[in-house]
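Okay, so here's the structure we're looking at.
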Amino acid sequence: MNTSFTLPTAGLKPSATLAINEQCNRLLADGKDVIKLGFGQSPFPVPTSVVKALSENAHQKDYLPVKGLYALREAVAAYYRRQYELSCAPEQVLIGPGSKELLFLIQLIYDGDLILPQPSWVSYAPQAQLASKRHHWLPTYQEDGYLLNPETLRAHCVRYSSRKQILLLNFPSNPTGSSFDESQLGALAEVAKAHEVLVISDEIYGDTHHHGQHQTIAKFYPEGTVISSGLSKWCGAGGWRLGTFLFPASLRALLDQMAVVASETFTSTSAPIQYAAIKAFEGGPEIAQYLQHSRAVLGRVGNKVHGMLKEKNINCPEPVGGFYLMPDFSAYQSHLNQRGIYTSSELCTTLLEETGVALLPLSDFGMPSDFLGARLSYVDFDGGLALQKIAEDPSANAEELAPKVVQGIQRLTNWLMSR
Ligand code: PMP
Ligand code: GLU
């Protein structure tokens, strides 16, 4: 049998996030002492009422409609009306087996070049390649917290005015942990609108904003924004695989086309999970408390890690949402070079080998390979215990909430200072 493959997978490797998770799990199984700050998975358990809804719906065995269970689409639309005062109907919602799949489908179907701020999450660019789409990295700057600047976007749109453009924005950001405020979103929306850029707004970390202050760009550009989200982050349910897209009413044809591809590929999202997700999107006091406590934990741990890094002259944007930080080790460049480390990939490999601390190289997020930075996921702690602790003692510190993460940062900084 001829075992060679053809494009478009040429040059692609297994996704970095999933690969580091599997590598760390193998090392742990071999008895190695590993601190998992590489993979980005919510440390928190799924809220009890949502787990209960799932077990009550385990018997749901029928295939559901391709676009999603209507009652869930209704609950998602109601969530967006309640949370962000968007005017939207269930018919504008598409449910998928994880937002990652929906992000791929939209790239496959919607014509145009993809604009990615540099750095961006690991999977957008490979998905563009799989969809045979051109993508452009736009530079961001340290002084802007590595968030896309509207003037950079404007210059790009002017330069490529003859081509249709899609902007993939993600905030709070994976990998930086920073996010836009309302005025920054308004300014970006103005440019996108003026140049008729479709905005795919990946707001999957929105509800993990540490101060509960996430705002959507759809508020400023409703007719041109598709909001991507799901259960994986704020609800701790990454392995449940449920993602949501909210389309503008004017882009119903795009939703319909994505559903055509869905109908020929994944068919529909798991039925019990969809029933349980209704409970999650309906909200209520238990979910509100879960969010309040998980945000407090993430804020506390994120700030502690940020402080520990800054103390050692490791620059990184202040975390305001999600569970990531983007440390830049450039201040140690000559020291690292002396140790034979010239790229972020070499940095992460050596760090894991010598200390057991796993991080992901920023080259996987579109940064130049010699930019000596990494993505750090501060999630290696028992989220259930941390929620309990913060409920009992709202001033619990990061050492109590996430001892292994703090230990990991100490190991990392000691390693950096050594020799
Ligand atoms: N966007 C970002 C920025 C992510 O970090 C992830 C990882 N979970 C996803 C999208 C995909 O999430 P899911 O497929 O679990 O909905
Ligand atoms: N989004 C997570 C991360 O960035 C992992 C899940 C995935 O990549 O699908 O680490």
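Under 8 Å for C-alpha pairs, at least 6 residues apart: give me the relative contact order for region 30-100, rounded to a whole percent.
Working: 31 pairs, mean separation 17.2, N = 71.
So the answer I get is 24 percent.
Go ahead and run the numbers for FRET between VAL158 and ASP111, Cβ-Cβ distance against an R0 of 25 Å, rounding to 0.05. Don't skip to the answer; put the middle values down first.
Values: r = 20 Å, r/R0 = 0.80.
For VAL158 and ASP111, the calculated efficiency is 0.80.
Report in % the part of the accessible area of region 247-400 that belongs to carbon and sulfur, leaving out ligands and nucleic acids; probe 1.4 Å. Numbers along the way, then the final one.
Working: 2930 of 6080 Å².
Of the solvent-accessible surface of region 247-400, carbon and sulfur hold 48 percent.
Want the number for ARG252 to ASP33: 0.36 nm per residue separation, take away the alpha-carbon distance, what's left?
Working: separation 219, 0.36 × 219 = 78.84 nm, distance 5.06 nm.
Separation in residues times 0.36 nm, less the Cα-Cα distance, equals 73.8 nm.
How do 345-357, 362-374 rank on mean C-beta neighbours within 10 Å, highest first?
On the way: 345-357: 18.0, 362-374: 21.6.
Descending packing order for the listed peptides: 362-374, 345-357.
For the chain, what mean projected area does the convex hull of the alpha carbons give, in nm²?
Numbers: hull surface 87.8 nm².
Averaging across all directions leaves 21.9 nm² for the Cα convex hull.
Checking the cross-link filter: which lysines have an alpha carbon closer than 19 Å to that of LYS219, excluding same-chain neighbours under 8 positions apart?
LYS193
Could you report region 1-115's accessible area per residue, 1.4 Å probe, as an integer in Å²? Mind showing how you got there, number by number?
Numbers: 6160 Å² over 115 residues.
That works out to 54 Å² per residue.
Between GLU151 and GLU182, take the C-beta separation as r, use R0 = 22 Å, and let me know the FRET efficiency to the nearest 0.05.
Values: r = 18 Å, r/R0 = 0.83.
Taking R0 as 22 Å, the efficiency between GLU151 and GLU182 is 0.75.
Under Stokes-Einstein, with the Kirkwood radius over Cα pairs standing in for Rh, what whole-number D in µm²/s applies to region 150-257 at 20 °C and 1.002 mPa s?
Numbers: Rh = 14.6 Å.
In µm²/s, the coefficient rounds to 146.
Could you work out how far apart the two model spin labels at ASN25 and VAL260 are, taking each label as a point 7 Å from the Cα in the direction of the beta carbon, and quote it in nm?
Once both label points are built, they end up 3.7 nm from each other.
Given the rule -39500 (n - 2.57) for each run of at least 4 DSSP H residues, summed and divided by the residues of the chain, what is its mean residue ellipticity at 222 nm, to the nearest 500 deg cm²/dmol?
Numbers: 15 runs with 178 residues, N = 419.
Mean residue ellipticity, 222 nm, calculated: -13000 deg cm²/dmol.
Could you tell me the calculated FRET efficiency between LYS312 and GLN60, based on Cβ-Cβ distance and R0 = 45 angstrom, to the nearest 0.05? Intermediate results must be reported in sequence, preceding the final value.
Numbers: r = 52 Å, r/R0 = 1.15.
FRET efficiency, LYS312 to GLN60: 0.30.
Give me the Kirkwood hydrodynamic radius of region 86-125 in Å, from all C-alpha pairs, to one decimal place? Intermediate results must be reported in sequence, preceding the final value.
Values: mean 1/r = 0.0817 Å⁻¹.
It is 12.2 Å.
Check the straight Cα-Cα distances from LYS36 and name the aspartates and glutamates below 19 Å, setting aside those fewer than 8 residues away within the same chain.
The reachable aspartates and glutamates, counting only those whose Cα sits under 19 Å from LYS36, are GLU22, ASP328, GLU346, GLU353, GLU354, ASP364, ASP380, ASP382, GLU399, GLU400.
Which one of LEU168, LEU231, LEU28 has the biggest mean-square fluctuation once the chain is modelled by GNM with Cα springs under 10 Å?
LEU28
What accessible area per residue comes out for region 292-376, rounded to a whole number of Å², with a 1.4 Å probe? Provide the component values of the computation, followed by the final result.
Values: 3000 Å² over 85 residues.
Counting only protein heavy atoms, the per-residue value for region 292-376 is 35 Å².
Taking a ≥ b ≥ c as the square roots of the eigenvalues of the Cα gyration tensor of region 268-414, is the shape rounded (a/c under 1.5), prolate (a/b larger than b/c) or oblate? Mind dumping the intermediate values first?
Values: a/c = 2.66, a/b = 1.70, b/c = 1.56.
The shape class here is prolate.
On the principal axes of its Cα set, how long, how wide and how thick is region 25-119? Give whole Å, largest value first.
For region 25-119, the Cα extents along the three principal axes come out at 51, 44, 29 Å.
Using Cα positions and a limit of under 16 Å, work out the lysines in reach of LYS133, with same-chain residues fewer than 8 apart set aside.
LYS164
The values are calculated or read from the model by the stated rules, or taken from the named source; none is laboratory data. Computed from a prediction, not measured in an experiment: that's the story for all the values here. FYI the Cβ positions are ideal-geometry reconstructions off the backbone, even for glycines, and counts take in every protein chain you see. What goes into the accessible areas is simple: the full protein's heavy atoms, side chains included, and nothing from ligands, DNA or RNA. Shrake-Rupley method; radii C 1.70, N 1.55, O 1.52, S 1.80 Å.
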